[in-house]
1. V105 - would you say it is open to solvent by 70 Å² or more (accessible area, probe 1.4 Å), in a helix (DSSP H, G or I) and closer than 30 Å to A185 by Cα?
2. Looking at region 43-102, which of its residues are part of a loop (DSSP other than H, G, I, E, B), out of contact with any Phe, Trp or Tyr (no Cβ under 6 Å at 6 or more places or on another chain) and either without any contact (Cβ under 8 Å) to a residue 12 or more places away in the chain or not hydrophobic (A, V, I, L, M, F, W, C) (or both)?
3. Quick check: is even one residue across region 69-91 under 20 Å from V171 (Cβ atoms) and over 11 Å from the mean Cα position of the chain (by Cα)?
4. Could you list, in sequence order, all residues of region 133-171 that are hydroxyl-bearing (S, T, Y), out of contact with any Leu (no Cβ under 6 Å at 6 or more places or on another chain) and either modelled with pLDDT of 95 or more or farther than 24 Å from W103 by Cβ (or both)?
5. In region 80-90, what count of residues is obtained for those that are at pLDDT 90 or above and either among the small types (G, A, S) or surrounded by fewer than 16 Cβ atoms within 10 Å (Cβ to Cβ) (or both)?
Amino acid sequence: MNEARPRRVVPVVNPANAITALRLVLIPVFVMFVALSGFVHDGWRLAACGVFLVASATDWLDGYLARANDWVTPFGKIADPIADKALTGTALVLLSGYHLVPWWVTLVILVREIGITLMRFWVIRYGVIAASRGGKVKTVLQIGAIAWYLFPWPESMAAVGPWLMGAALVVTIVTGADYVVRVIALRRKGRRAAEGSTGA
């Protein structure tokens, strides 16, 4: 009889989680650069845009490293989406605070992002819902729109920003609705499985 192999314990301190933590650390740096720019100093705007893009890139990098090296941990599952939403949410609040993006747009996106994150934790014991293609498009559009506003474009190019943000808003709403449907389906499936095992 073969003995069960001991379950591999993944240390919380690993490169993937370190990169997630770095993203959280970069948020106050990003806020400082935006405040110093006041959206009138091009140099600080470039710095803010650069920090935002680097922080956004870490969201892809930490996930890739965690999956490729089996470094997935409970901490990472919780901290990664929080860091992601904190970065995007902070950027949107700043853009609205400087009257570049309407507050209602920021509120709609924040409600969607926070709501989906809470729902993810709600059903985490039943499984993890993989990011859809639409969700990935949503992320790219949000990052692209925010970065476009941050970059010191000439006025003619800056006019593209609202169109990008509008596209990001539409995809954010549509993918949010799709995620809710998938969460409900996963929870029902998980509860039926749990009830079946209990009654066996």
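1. no
2. Hits for region 43-102 are N69, D70, T73, H99, P102.
3. yes
4. The answer is S156, and nothing else.
5. Result for region 80-90: 2.
Residues checked against (1) modelled with pLDDT of 80 or more; (2) over 19 Å from R125 (Cα atoms); (3) of a type outside the set (V, I, T); (4) open to solvent by less than 70 Å² (accessible area, probe 1.4 Å):
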| site | (1), (2), (3), (4) |
| --- | --- |
| V34 | yes, yes, no, yes |
| L53 | yes, yes, yes, no |
| A66 | yes, yes, yes, yes |
| I78 | no, no, no, no |
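The values are calculated or read from the model by the stated rules, or taken from the named source; none is laboratory data. On a predicted model such as this, the values are computed, not experimentally measured, just so you know. Ideal geometry is used to build each Cβ from the backbone, glycine not excepted, and the neighbour counts take in all protein chains shown. These area figures cover heavy atoms from the full protein model, side chains too; ligands, DNA and RNA do not enter into them. Shrake-Rupley method; radii C 1.70, N 1.55, O 1.52, S 1.80 Å.
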